[in-house]
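The values are calculated or read from the model by the stated rules, or taken from the named source; none is laboratory data. Just so it is clear, the structure is predicted and the values come from calculations on it, not from any experiment. With ideal geometry, Cβ positions are generated from the backbone for all residues, glycine too; neighbour counts draw on all protein chains shown. Each accessible area value is taken on the protein alone, full model and side chains, heavy atoms only, with ligands, DNA and RNA left out. Shrake-Rupley method; radii C 1.70, N 1.55, O 1.52, S 1.80 Å.
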Amino acid sequence: MPYRKTPSEIRRLEAAREHLVACATSVVAEVGWAQTSVTAVADSAGIAAGSVYQHFPSKAALAVEVFRRAAGREVEVLGEVLDGEGDPVERLTRGIEVFARRALENRGLAYALLAAPAEAAVGAERLEFRRRYRALFAEVVRQGMAAGLLPAQNGEITAAALTGAIGEVLVDPLGTPSGHTTDELLTDLTAMALRCAGAPAV
């Protein structure tokens, strides 16, 4: 009969995997994808480098898991805000503010998710998550049009423009913080995004 892991062994392995992903995420946030090695992650986790491969078949597989977890959380938070209280324009404004503020509060990880050079597997994940952001923005833009708060437009194109522009605006402040304060940057970023969507000036 083949050996089957006991529930306690499964829980221990799952906990070890979670700890490993958390440590890898911290290392990526500190040094970026290119400088994140299996040895650095293992040292952070307090295990031998070979033990990493008990949980992930390659460095690329670990990197993809780190990206999916971190980016997935940001998509989840943005989705909650865009689907929350207020009219569509208010939710769009709040969503952009929350997304940008979270990025600026964790610059290293946000830069890794948005723009830092990475291997192909992570790049493919980055494209997939951009599609998820676009879908969220497209929906709130459609709701804004339906409510008469935004002019008629192609919501998909507007959503793509918003996704690209927000990321591009944040790249320099994340990679090389400028003299702008967070509040100034958020004010300018949300104003730009609302102009892009056609929201009336307030």
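General remarks:
- Span-like helix check, the chain: qualifying full DSSP H segments, with Cα axial length of 15 Å or more and mean Kyte-Doolittle of 0.0 or more, are 7-31, 59-82, 155-175, 182-197.
- Across the range 122-171, Cα-Cα pairs farther apart than 11 Å form 67% of the total.
- This model, with +1 at the C-beta of Lys and Arg and -1 at the C-beta of Asp and Glu, gives the range 97-202 a dipole about its Cα centre of some 260 debye.
- Ordering F67, S8, A42 by the projection of their Cα atoms onto the charge dipole of the chain, which places +1 on the Cβ of Lys and Arg and -1 on the Cβ of Asp and Glu, puts S8 at the extreme positive end.
- Taking GluC sites (Glu not before Pro) across the range 44-143, the ones in a DSSP loop with at most 16 further Cβ atoms lying within 10 angstrom of their Cβ are E85, E119.
- Solvent-accessible surface of the range 26-89, taken per residue with a 1.4 Å probe and all protein chains present: 48 Å².
- Largest to smallest accessible area among H55, H19 [probe 1.4 Å]: H19, H55
- Mean separation of Cα contacts under 8 Å (6+ apart) over length of the range 7-197, as relative contact order %: 23 percent
- Rounded FRET efficiency, nearest 0.05, which uses the C-beta distance separating S51 from V171 and R0 of 41 Å: 0.70
- With all protein chains in place and ligands, DNA and RNA left out, the 1.4 Å accessible area ranks Y53, Y111 as Y53, Y111, largest first.
- Computed from point charges on the beta carbon alone (+1 for Lys and Arg, -1 for Asp and Glu), the dipole magnitude for the range 7-197 about its Cα centre is near 400 Debye.
- Note that the range 110-202 presents 52 Å² accessible area per residue, ligands and nucleic acids not counted, probe 1.4 Å.
- Compactness index (Cα Rg / 2.2 N^0.38 Å), the range 43-155: 1.33
- Cα Rg, Dmax (largest Cα-Cα span) when computed across the chain, Å: 19.8, 71
- Net charge contributed by nearby residues that have their C-beta within less than 15 Å of E184 (K/R +1, D/E -1): -3
- Full-stretch length increase - R102, T187 - with 0.36 nm per residue and alpha-carbon distance subtracted: 29.1 nm
- Pairwise centroid distance, computed over Cα atoms, of the range 69-109 with the range 22-59, Å: 28 Å
- Seen from A40, the other residues with C-beta closer than 15 Å to its C-beta sum to a net charge of -1, counting Lys and Arg as +1 and Asp and Glu as -1.
- Measuring nothing but protein heavy atoms, the accessible surface of the chain at 1.4 Å probe radius is 55 percent carbon and sulfur.
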